[in-house]
Structure formats: C-alpha cells, structure tokens
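A.B. asks: Here's a structure for you.
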C-alpha cells in the first residue's frame, strides 16, 4: 500500500462514522506566550481518548473475512490497545492485546471495557518493545493478524487523517503543525498528507528526551535500539523507531525536538489548571515543545493533543517532576550539629520566607556531634537557589546536593 495523500483520503472515508471529528481550539495561554496563534487539535476527545482509534480501525476494517475469523493481535503501551479493542467490538472480531507492566492500570481497564468482551489482555515485559516481540511471536504461531501500533502503511495513513481534518477545518493549511513522536506513526501520516496537499506547512515533531528513538534513527541512518530509555512518557516511549515511519521522516525531514520529561509535566499541569484539559504525558508533548522552538509572530500553529488517558494516581509524581525541572525543588544530605536549636537556626537563618521543607528524614546517627538528614526544600523563587547555597555555606551545617544524575535521586523522584 502506498503511503500518500490519496490513501489518507480513503482512510478518512472509512473512519467517517467511527472516529470523532475532534475540535480545534484557540489557546490563549500559548498564543500569548509565543506571539503566534496556537490552536489545539483535541484528539484526547476521541471515543478512546486518543488518536490511535484512527490507525487501528483503518487497518482492521480492511481485513478479509478469513483474517477476521483468525482474530487480531496487537502490542500497545495503552492507547493503541484501546483503539484495537474499540475496532474489535465494532467489527465483531476477537483480539488479544499485549501491554508492558509499565502500562497504567487505567489504560488496561479501558482496553477491556472498550473491547466489550471480545479482547484478552496479556501483560508482558517492562517496555513496549518487549510486549511487541511477544505479540509478534504469538501472531506467527496462531495465524492471527498483527496490528502494528505505528509501522504499517494502513496504520500510518489512518493517523494521517488528523492532518486532513485540520486543513479542512481551517479551510487552509496551518503554518506549523506540531505532532508527538513515539514510533512515528502520527508524524509519518501527517507528512504523507501535507507533503502533497500543503507543502508549505512546517512540521515539527516532539519526542520525549529520554526516549528519542526517531532522532537516534536519523543520526544513525536507520532505526536503532536505544541503549537507555525512560518509560515515564509511556504513550511515546519506544526503544526503536519504525522502518516505514523512519523512511517518511528521513525523506521529508521535519524539525525534531527532544522535550525533557519535567517540561512535559509542567505543561500537563498548565493544561489542567488553566484550560481544564486532562492529558497523559504523551498528550502534552506537542504543546510542551513550544518554548524549545519559537514560531514566527502571527503564524498559525496547530499542536496535536494526542491523548487524555492519564491515571490520576500519577499526579503526585507529575507535580514532583515539574517542580524539579523548574528549579523549585531540591534535595540535600545535611549534617546537623547535634545540639539544641540547630534545626531552628536552619529554619530561621537559611530558609527564605517563601521556602518550605517538604521532606525531612534522619538517615542515621553515627556519632554524638552530627546527625545526617535527607532534606527536601521547595523554593518560592527558583532564582533564589544560589542564595540558599550561600546561606547554607555560611551556617554551621555541612551539606551535599543530591544531583539529579545520582542513583540515589531515583528513590526521590
């Protein structure tokens, strides 16, 4: 199957009665911050709360009767699985979906609910790639059709219907389109459509900084496995970019940016607190990249809010990562003199009026002179960190900053 604008048009016809035509919303906060007109494409409002319904349904709906009888198998970090489950329920097909152990419970439960009894769930491995390997093996053994999350032409053109909708809703192409990038299905589909129908649109891809598999593929000249990967942005944490998606990205060369996880968390909180939009980490990737690059003043920019399947139990970690990224939260190992009033002096003489201790835990008492403690401090103003260090140096305590690259730091955030 050719990956081009005509294939996207055909996919849009198949999806017309299934996928929602999600709204475009002008975002005042991001527009004011950038000087451009920033619009949000609300794919989090799909029936499965992400754009993944597009590619999954487009592929499964084209299966022949013999393939439908054999069922389908998919691997997913959560959102693609929901799209597959929805399609199975709509089309009356049995499905089995492999997810890694890192997939939030909320996504697992939604897969089963959307499948309406037609899908089974298999929790396998600690990453999407391990689940994908297991799914591929079972498809080979059973004869079921594998439904790739991104590296299949039918999946790619299904995701590309987002770009077609945007152009139709505006009546013209935007100046800039920002797409999240995991395995590359969404950005590849958008590139396929826009390269023919709106070649003047600048396409920007946003990858998680600790799972930037597409950038690694471009640097190597072919998809490669990442040596290390953080799965926090579970909807876009892919160790190896797809072959087909890489080919599209290599051909059209969109601008790729790696977005730090803490910045994504700050944007998730801003979307929730300002606009009332609940996103998952991958869902906030596209808007979080604004600031890492600046559109020209007055340009029309569309950012795809790709998913809203967030488990509320994750918000404590999201807030923590955001505070650390913004320089508001810091951790120290502090040796306090073991004498009356030492902690009070620390509070009165070292901390600022707007600073707060968020963690205080004695590590051990090794002698009578000092007592080491783990101390977490939240600053009222991130710029006051240097002043805090000066005051700590001048005090009777000795201390060590717990660096973010320290193995010990992983137990805190």
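A.B. asks: Among the numbered criteria (1) touching a helix residue (DSSP H, G or I) at 6+ places or on another chain (Cβ under 9 Å); (2) farther than 28 Å from residue 108 by Cβ, which one does residue 310 miss?
C.D. replies: (2)
A.B. asks: Further question on the same structure: Scan region 224-253 for residues that are more than 14 Å from the chain's Cα centre (by Cα), in a loop (DSSP other than H, G, I, E, B) and surrounded by fewer than 23 Cβ atoms within 10 Å (Cβ to Cβ) and jot them down.
C.D. replies: 224, 225, 226, 227, 228, 240, 253
A.B. asks: Right, here's the next one. Out of all the residues in region 310-339, which are farther than 23 Å from residue 407 by Cβ, out of contact with any strand residue (DSSP E or B) (no Cβ under 7 Å at 6 or more places or on another chain) and modelled with pLDDT under 90?
C.D. replies: Residues satisfying the conditions are 310, 311, 312, 313, 339.
A.B. asks: Being out of contact with any strand residue (DSSP E or B) (no Cβ under 7 Å at 6 or more places or on another chain), surrounded by fewer than 19 Cβ atoms within 10 Å (Cβ to Cβ), within 18 Å of residue 19 (Cβ to Cβ) and touching a residue at least 24 places away in the same chain (Cβ under 8 Å) is the requirement here; does residue 62 meet it?
C.D. replies: When the stated conditions are applied, residue 62 passes them.
A.B. asks: Look at region 2-40 and say how many of its residues are under 16 Å from residue 191 (Cβ atoms) and surrounded by fewer than 20 Cβ atoms within 10 Å (Cβ to Cβ).
C.D. replies: The total comes to 5.
A.B. asks: Which residue, of 182, 160, is within 24 Å of residue 14 (Cβ to Cβ), touching a residue at least 60 places away in the same chain (Cβ under 8 Å), in the same structural domain as residue 40 (by TED's automatic domain parsing) and in a loop (DSSP other than H, G, I, E, B)?
C.D. replies: When all the criteria are applied, what remains is 182.
Quick grid of which residues meet (1) under 28 Å from the mean Cα position of the chain (by Cα); (2) within 25 Å of residue 317 (Cβ to Cβ); (3) at pLDDT below 90:
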site: 341; (1), (2), (3): no, no, yes
site: 346; (1), (2), (3): no, no, yes
site: 374; (1), (2), (3): no, yes, yes
site: 388; (1), (2), (3): no, yes, no
site: 398; (1), (2), (3): no, no, yes
site: 403; (1), (2), (3): yes, yes, yes
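A.B. asks: Give all pairs with beta carbons closer than 7 Å in which a residue from region 20-31 that is farther than 23 Å from residue 83 by Cβ meets a residue that is loosely packed, with under 15 Cβ neighbours inside 10 Å and at pLDDT 95 or above; count only pairs at least 6 apart in sequence or on separate chains.
C.D. replies: Listed pairs, sorted by first residue: 29/274.
A.B. asks: Working carefully through the options 109, 138, 130, find the one that is in the same structural domain as residue 60 (by TED's automatic domain parsing), touching a strand residue (DSSP E or B) at 6+ places or on another chain (Cβ under 8 Å) and on the phi < 0 side of the Ramachandran plot.
C.D. replies: 138
The values are calculated or read from the model by the stated rules, or taken from the named source; none is laboratory data. Predicted model only: the values in this text are computed from it and were never measured. We place every Cβ from the backbone using ideal geometry, glycine too, and count neighbours over all the protein chains shown.
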